[in-house]
1. How far apart, in nm, are the 7 Å Cα→Cβ label points at K84 and D104?
2. Which of P76, P87, P105 moves the most in a Gaussian network model of the chain with Cα springs under 10 Å?
3. Quick one: net charge of S130's neighbours, Cβ under 14 Å, K/R +1, D/E -1?
4. How big is the dipole moment of the chain about its Cα centre under a simple scheme where the beta carbon of each Lys and Arg is +1, that of each Asp and Glu is -1, and everything else is neutral? Debye, nearest 20, please.
5. Rounded to the nearest whole Å², what accessible area per residue is found for the stretch 116-177 with the 1.4 Å probe?
6. Looking only at G112, G61, G124, which one moves most when the chain is put into a Gaussian network model with springs between Cα atoms under 10 Å?
7. What percent do you get for the relative contact order of the chain when only Cα pairs under 8 Å and 6+ apart count?
8. Once you treat every alpha carbon in the stretch 89-177 as an equal point and sum by Debye, what is log10 I(q)/I(0) at q = 0.15, 0.21, 0.22, 0.25 Å⁻¹?
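The values are calculated or read from the model by the stated rules, or taken from the named source; none is laboratory data. Owing to the predicted nature of the structure, the values given are computational and were not obtained by experimental measurement. All Cβ positions, glycine included, derive from the backbone under ideal geometry; neighbour counts span all protein chains shown. Heads up: the accessible areas ignore ligands, DNA and RNA and are worked out on the full protein's heavy atoms, side chains in. Shrake-Rupley method; radii C 1.70, N 1.55, O 1.52, S 1.80 Å.
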Amino acid sequence: MKQISTYDLESFKELKAGESVSLSGTIYTARDAAHKRISELIKENKPLPFPMKGAVIYYAGPTPSKDGRAVGSCGPTTSSRMDKFAPQFYELGMAAAIGKGDRDPKVAEACGKFGGVYLCAIGGAGALCSKAIISSEVIAFEDLGCESVKKMTVKDFPLIVATDSTGEDIFEKRKLS
């Protein structure tokens, strides 16, 4: 398993579709409602809750913490619901998105064009995923509850490269030129 860090964005460009990775560093959670609000902030040219350039966004809505952990269960949500926002976020410099399931071909095209990647977490294993989360704090849209934007620190978060920075995608076995 290849070790990667959110503090070494160049390492993301070396990843290949189908490769297993272990991610450590800072990530942000954002789901449907948060993506909609972030998109509105972009349209209005207002400050974003986190820098989009180099961001790693985890499509998750963690449950409240238990047993002294940073969060409760924190599994990935279906990524396709964020497909309409993803190309714009990659264009603004998002380094990676983490979720589950296949994506619209436009997302793979955006990865290839802007050098981002899409990583898949293990669906249905939210308790396992939460063990890799060291810290979590709400940084925006607190009114969204579990779907608020959180800044998290992860260590050895197991993932699979679903779409690499060239646009190659494990779901469609497509290679963009």
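1. Each label point lies 7 Å from its Cα, and together they span 0.8 nm.
2. Judging by the Gaussian network model, the answer is P105.
3. +3
4. Result for the chain is approximately 80 debye, rounded to the nearest 20.
5. 47 Å²
6. Highest fluctuation of the listed residues: G124.
7. Computed over the chain, the figure is 30 percent.
8. Log10 of I(q)/I(0), two decimals: -0.66, -1.06, -1.10, -1.18.
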